[in-house]
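Accompanying notes for the structure given below.
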Amino acid sequence: DHGQVAVVINPVAGRGRGAKVAPEIRSRIRGLSNIEVIVPSSREASYSQLKDLAPEVDRLIVVGGDGMVHAAAQYVAARHPTTVLGVIGLGTGNDFAAAVGLDTDLDVALEQAFSEPAPVDALAVGDDWVTTVVTFGFAAQVNERAERMAFPRGSSRYTVATLLETPRVSG
């Protein structure tokens with residue numbers, strides 16, 4: 001028994017793959033009790049949903065990329081440190097999922113998300129919790145610009161954002 005489980009899916013993760021896998025996830029976990037699958041309408045709504053989760057969630061599984069992991073870390077580390085965090089990496093970069101050895105196959109990733117938890121370090125930076133990388137300066141400017149860009153999609157937007165930010169720092 002995993003207790004009360006919330007699965008929050010970022011519908012736009014992985015170029016919209018989050019919304020596409022939601023029915024698959026529901027199908028694969030059908031029959032398990034005490035599970036709520038939440039698919040908000042946008043990335044921002046997904047992050048907001050994590051802030052509004054009930055404190056009695058025993059296991060939080062997020063489906064998305066590093067942004068979802070970051071938002072989930074705020075819920076777990078800052079307010080509910082006994083909640084187990086499971087991650088199904090569907091984002092553009094998936095740095096966290098790769099760093100902790102999570103599989104990209106949906107069936108295996110679901111199995112990992114429901115498996116025995118392993119401790120992961122988190123770093124408190126001001127009022128924020130960080131699970132993988134802390135950046136500032138140029139790298140942070142590139143990431144901020146990439147997050148504002150609608151085109152191109154996927155990892156190439158970070159390359160384009162780097163090229164667009166370079167003249168600002170080299171001039």
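The values are calculated or read from the model by the stated rules, or taken from the named source; none is laboratory data. Worth saying up front: this structure is predicted, and the values here are computed from it rather than measured. Note that each Cβ is placed from the backbone with ideal geometry, even for glycine, and that neighbours are counted across all protein chains shown. Surface areas here come from the heavy atoms of the whole protein model, side chains and all, with no ligands, DNA or RNA. Shrake-Rupley method; radii C 1.70, N 1.55, O 1.52, S 1.80 Å.
Looking only at region 6-21, which residues have a backbone nitrogen under 19 Å from a spot 7 Å from the Cα of residue 156 in the C-beta direction? Residues passing the 19 Å test: 13-17. Projecting the Cα atoms of 124, 85, 110 onto the dipole axis of region 36-171, where Lys and Arg carry +1 and Asp and Glu carry -1 at the beta carbon, places 124 farthest toward the positive end. Local charge for residue 138 was computed over the other residues whose Cβ lies under 10 Å away, with Lys and Arg +1 and Asp and Glu -1, and equals 0.
List the longest stretch of the chain that has no exposed loop site; here a site is one of the trypsin sites (Lys or Arg not before Pro) assigned by DSSP to anything other than H, G, I, E or B, with at most 16 other Cβ within 10 Å. Please list the in-between numbers first.
Details: sites that count: 30, 153.
Looking at the chain, 31-152 is the longest stretch - no exposed trypsin sites (Lys or Arg not before Pro) with at most 16 other Cβ atoms within 10 Å.
So which DSSP H runs in the chain come out at 18 Å plus along the axis (Cα) with average Kyte-Doolittle of at least -0.5? Working shown, then result.
Values: long enough: 13-29 (23 Å, -0.61); 156-170 (21 Å, -0.09).
Membrane-span-like by this criterion, though nothing is claimed about a membrane: 156-170.
With +1 on each Lys and Arg Cβ and -1 on each Asp and Glu Cβ, and nothing else charged, work out how big the dipole of the chain is about its Cα centre, in Debye to the nearest 20. Could you put the intermediate results ahead of the total?
Working: 15 positive and 20 negative charges, 154 e Å.
That gives the chain a dipole magnitude of about 740 debye.
Towards the positive end of the charge dipole of region 1-75, with charges on Cβ (+1 Lys, Arg; -1 Asp, Glu), say which of 68, 47, 21 has the farthest Cα. Selected residue: 21. The heavy atoms of residue 68 offer some 0 square angstrom of accessible surface to a 1.4 angstrom probe.
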